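The values are calculated or read from the model by the stated rules, or taken from the named source; none is laboratory data. All figures in this text were calculated on a predicted structure; none of them were measured in a lab. Every residue, glycine as well, gets a Cβ built from its backbone with ideal geometry; the counts of neighbours run over all protein chains shown.
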Amino acid sequence: MIRHGWQPGLVGEIIRAHGTYYAREWNFPAFFEAKVAREMGEFLARLAPPDLLLSAWDGETFLGSLTIDGTDPALEPGQAHLRWFIMTDAARGRGLGRQLVQAGMDHLHRHDFASCYLTTFAGLDAARRLYEQAGFTLTREEEAQSWGTTVREQLFTWMR
């Protein structure tokens with residue numbers, strides 16, 4: 001089931017899923033989990049329309065999330081930022097990630113966003129396929145350390 005909006009403990013679940021997966025699969029340090037926690041906290045403090053906070057669940061078991069940040073003061077008018085897309089091991093291959101991305105895209109259209117961007121890194125091929133199928137294109141790729149370790153950071157952009 002996909003839920004809309006904040007609920008108690010949701011941000012902790014999202015941070016945990018990111019910290020666990022990226023430490024295990026990509027050796028990301030504590031810096032990354034702290035970055036997710038800090039930025040999610042900042043987002044939650046200003047969460048308001050036209051932002052979107054989605055989560056996927058199986059009963060009370062957290063399975064994944066996706067956020068459309070449309071209120072960040074650093075954004076250009078009409079621009080949104082797709083953030084914190086993660087699926088837990090139990091959710092992978094069930095189509096829930098595709099549903100979350102589609103719900104995010106529906107939100108972008110419904111709220112007349114002109115563009116949306118996301119940052120990721122090379123090697124997350126399943127997510128990249130979902131982004132590209134939704135209309136995002138790779139617009140920049142370069143070595144970066146903004147994740148707490150060196151990765152081939154990628155910028156994907158969607159334009160209406």
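Observations on the structure shown:
- Output for region 55-86, where each listed residue is over 18 Å from residue 7 (Cα atoms) and in contact with a helix residue (DSSP H, G or I) (Cβ under 9 Å, 6 or more places away or on another chain): 70, 71, 72, 73, 80, 82
- The set of residues from region 69-86 being touching a residue at least 40 places away in the same chain (Cβ under 8 Å) and out of contact with any Phe, Trp or Tyr (no Cβ under 8 Å at 6 or more places or on another chain) comprises 84, 85.
- Enumeration of residues in region 99-141 that are within 16 Å of the chain's Cα centre (by Cα), surrounded by fewer than 16 Cβ atoms within 10 Å (Cβ to Cβ) and basic (Lys, Arg): 129
- Residue 8 meets all of the listed conditions (1) without any contact (Cβ under 8 Å) to a residue 24 or more places away in the chain; (2) closer than 27 Å to residue 144 by Cα; (3) of a type outside the set (Ser, Thr, Tyr) but one, namely (2).
- When region 144-160 is filtered for residues that are within 25 Å of residue 37 (Cβ to Cβ) and charged (D, E, K, R), the ones remaining, listed by number, are 152, 153.
- Subset of region 83-97 that is surrounded by 14 or more Cβ atoms within 10 Å (Cβ to Cβ) and not in a strand (DSSP E or B) - its residue that is farthest from the chain's Cα centre (by Cα): 94
- Among residues of region 27-40 that are of a type in the set (Asp, Glu), those with a Cβ under 9 angstrom from a residue that is in a helix (DSSP H, G or I) and surrounded by 16 or more Cβ atoms within 10 Å (Cβ to Cβ), sequence gap 6+ or separate chain, pair up as 33/15; 33/16; 33/18; 33/19; 33/22.
- Taking (1) touching a residue at least 12 places away in the same chain (Cβ under 8 Å); (2) in contact with a Ser or Thr (Cβ under 8 Å, 6 or more places away or on another chain); (3) part of a strand (DSSP E or B); (4) not β-branched (Val, Ile, Thr) in turn, residue 143 satisfies each apart from (1).
- Residues that are among the aromatic types (Phe, Trp, Tyr) and either modelled with pLDDT under 95 or surrounded by 20 or more Cβ atoms within 10 Å (Cβ to Cβ) (or both), drawn from region 52-80: 62
- Residue check: residue 112 meets all listed conditions (1) touching a residue at least 12 places away in the same chain (Cβ under 8 Å); (2) outside any loop (DSSP other than H, G, I, E, B); (3) charged (D, E, K, R) but one, namely (2).
- Inclusion of residue 44 among residues that are closer than 22 Å to residue 104 by Cβ, touching a Phe, Trp or Tyr at 6+ places or on another chain (Cβ under 9 Å), among the hydrophobic types (A, V, I, L, M, F, W, C) and free of Cβ contacts under 8 Å to residues at least 40 places away in the same chain is warranted.
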